[in-house]
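The values are calculated or read from the model by the stated rules, or taken from the named source; none is laboratory data. Every value quoted in this text rests on a predicted model; they were computed, and no experiment measured them. All Cβ positions, even for glycine, are placed from backbone atoms using ideal geometry, and neighbour counts span all protein chains on display.
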Amino acid sequence: MSTALSAAVSVDELKDIAKRVRADIVRMVHAAQSGHPGGSLSAVELGVALFWNHLRCDTANPAWPARDRFVLSKGHATPFYYSVLAERGFFSTELLSGFRQLGTPLQGHPSMNAAPGIEMSGGSLGQGLSFAIGQALAGRLDNLDYRCFVLMGDGELNEGQCWEAAMAVPHFGLGDRVIAMVDRNGIQNDGFADTIMKTHPAEMFRGFGWKVIECDGHDMAAVDAALTEAERPADQPRCIVAHTVKGKGVSFMENNPGFHGKAPTADQLAQALAEIEAGL
């Protein structure tokens, strides 16, 4: 099996990294006065636990053919994604200040050739799981054993393409190659997800033949354990449904649809950074 993981990082260390990522997120969105802070903040623990303790990658050789792939299907959550990549060492954290600025590589949705570590260009939601199927089939053809981790939002599960892909993963025998993660924060662009289109991600994935692992998406130890369980060999594909809070870590953003795609003011930034540092 391919390996490019350093020694496991402790839960306390992961929590410290998560604080840095949350601070990066609010700074980036404030500086650009544009972006999506809410759904970025809800995904932090998932991304930090994955990139530090589970994703086989080589930051010095991002194109390593045997690397695991991470697909950000909820492509608007780039503040979280770019911060994780920078803090992990794929590129300098200095690049984060150029978020959404003309002529810089860190645009509002990811572009796979713009910066190291980006595996799929984002845009319309609901496509990431299908993309990962293509990556996984390519790995099988190339006799490479990498895994494809896909992070989806619960809002994008309104898209029928997600469920066509969910059917295809077990059909093509890709359960050992594709691991899905759902950021179940309950809010999407237009408001609370269940008032717009009620979905039941855990039940629906189970119905398509997946093993579902549910966890508190802000309990770092629980997230790390869920990823460990998802990596164990099994006959079924695995889906982690992480129950999260939109805007987690910033009181005025938490569970607030208004901060799906809204930048904080200077005063709000100062409050957000103080709350993140205090771990409120």
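A few remarks follow.
- Checked against (1) buried (at least 18 other Cβ atoms within 10 Å of the Cβ); (2) in contact with a Ser or Thr (Cβ under 8 Å, 6 or more places away or on another chain), residue 74 passes all but condition (2).
- Residues of region 45-74 that are touching a Gly at 6+ places or on another chain (Cβ under 7 Å), modelled with pLDDT of 95 or more and not acidic (Asp, Glu): 46, 59, 62, 71, 72, 73.
- Residues in region 194-224 that are at pLDDT below 95 and under 27 Å from residue 262 (Cβ atoms): 194, 195, 196, 197, 198, 199, 201.
- Odd one out for residue 112 among (1) touching a Phe, Trp or Tyr at 6+ places or on another chain (Cβ under 6 Å); (2) loosely packed, with under 14 Cβ neighbours inside 10 Å; (3) aliphatic (A, V, I, L, M): (1)
- Residues in region 82-108 that are out of contact with any Gly (no Cβ under 7 Å at 6 or more places or on another chain), under 21 Å from residue 14 (Cβ atoms) and assigned to a helix (DSSP H, G or I): 82, 83, 86, 87, 88, 93, 96.
- Taking region 166-280 and the strands (runs of 3 or more DSSP E) fully enclosed by it, the elements with 1 or more residues that are free of Cβ contacts under 8 Å to residues at least 40 places away in the same chain are at 211-216.
- Scanning region 149-170 for residues that are among the charged types (D, E, K, R) and in contact with a Phe, Trp or Tyr (Cβ under 8 Å, 6 or more places away or on another chain) gives no hits.
- Boolean, residue 34 is under 17 Å from the mean Cα position of the chain (by Cα), under 22 Å from residue 125 (Cβ atoms) and touching a residue at least 40 places away in the same chain (Cβ under 8 Å): no
- Qualifying position, being surrounded by fewer than 19 Cβ atoms within 10 Å (Cβ to Cβ), modelled with pLDDT under 95 and at positive phi, among 258, 191: 191
- When residue 183 is tested against the conditions (1) closer than 21 Å to residue 40 by Cβ; (2) acidic (Asp, Glu); (3) surrounded by fewer than 18 Cβ atoms within 10 Å (Cβ to Cβ), the lone failure is (3).
- The single condition among (1) surrounded by fewer than 24 Cβ atoms within 10 Å (Cβ to Cβ); (2) over 18 Å from residue 120 (Cα atoms); (3) of a type outside the set (D, E, K, R) that residue 104 does not meet is (2).
- Considering only residues in region 11-54 that are part of a loop (DSSP other than H, G, I, E, B) and either among the hydroxyl-bearing types (Ser, Thr, Tyr) or touching a strand residue (DSSP E or B) at 6+ places or on another chain (Cβ under 6 Å) (or both), the one that is surrounded by the fewest Cβ atoms within 10 Å (Cβ to Cβ) turns out to be 34.
- Complete set of residues in region 55-71 that are surrounded by fewer than 24 Cβ atoms within 10 Å (Cβ to Cβ) and aromatic (Phe, Trp, Tyr): 64
- Residue check for residue 123: at pLDDT below 95 and either surrounded by fewer than 18 Cβ atoms within 10 Å (Cβ to Cβ) or not in a loop (DSSP other than H, G, I, E, B) (or both): yes
- Just one of the listed residues (93, 104) is of a type in the set (Val, Ile, Thr) and at pLDDT below 95, and it is 104.
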